[in-house]
Amino acid sequence: MNVMFKKVLLATDGSEHSSRAIDQALKMAGPYKDQLTLDLIYVVDGSSSKEDVLNYGDPHTATMKRKEKFFDTLAYIEEKGAKTDVIILHGEPAKAITAYANENDYDCVVMGSRGRNPFQKFILGSVSHKIVKYVQVPVLVVK
């Protein structure tokens, strides 16, 4: 049997919706998780980037601290049998995720319906909306 999705990009911000999206992506692979590469992408916006550098002293240390936040998630995905990595980009999240997904030959993008922004509790997240509109592969938005 052919696996429909072998290379999936999971947009994450560490929210509860992102965690559910990870579980859904793993379910999609079913018994073929060993053939799945599930890359996590996290985008640091300008204000968070400046704050992190001030907290950690330099950009390199800030990047390492950001990656550390995903160690448990990466271990969880690998424990389930899938290959994984974390990609950290800087910029406006919807634009950065869209560009990365469109340029890197993913089969699907998976993401939570809402992020950490309190305003997004009332509507489909603005990042989710933009990604659905502009990414050139199937996008699964998980509630």
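Side notes on the structure shown:
- Sole residue being in contact with a helix residue (DSSP H, G or I) (Cβ under 7 Å, 6 or more places away or on another chain) and either at pLDDT 90 or above or surrounded by fewer than 18 Cβ atoms within 10 Å (Cβ to Cβ) (or both), chosen from 72, 45: 45
- Restricted to the stretch 99-137, and to residues there that are of a type in the set (D, E, K, R) and modelled with pLDDT under 85, the residue that is surrounded by the most Cβ atoms within 10 Å (Cβ to Cβ) is 114.
- For the stretch 13-35, a residue qualifies if it is within 12 Å of residue 81 (Cα to Cα) and among the polar types (S, T, N, Q), and exactly one does: 35.
- For the stretch 75-92, a residue qualifies if it is in contact with a Lys or Arg (Cβ under 9 Å, 6 or more places away or on another chain), surrounded by 15 or more Cβ atoms within 10 Å (Cβ to Cβ) and more than 18 Å from residue 106 (Cβ to Cβ), and exactly one does: 80.
- Residue pairs whose Cβ atoms lie under 7 Å apart, separated by 6 or more positions or on different chains, with the first residue in the stretch 126-143 and in contact (Cβ under 8 Å) with a residue 40 or more places away in the chain and farther than 12 Å from residue 10 by Cα and the second surrounded by 15 or more Cβ atoms within 10 Å (Cβ to Cβ) and among the aliphatic types (A, V, I, L, M), are 127/94.
The values are calculated or read from the model by the stated rules, or taken from the named source; none is laboratory data. What you see is a predicted model; the values in this text were computed from it and never measured. Reconstructed Cβ throughout: ideal geometry from the backbone, glycine too, with neighbour counts over all protein chains shown.
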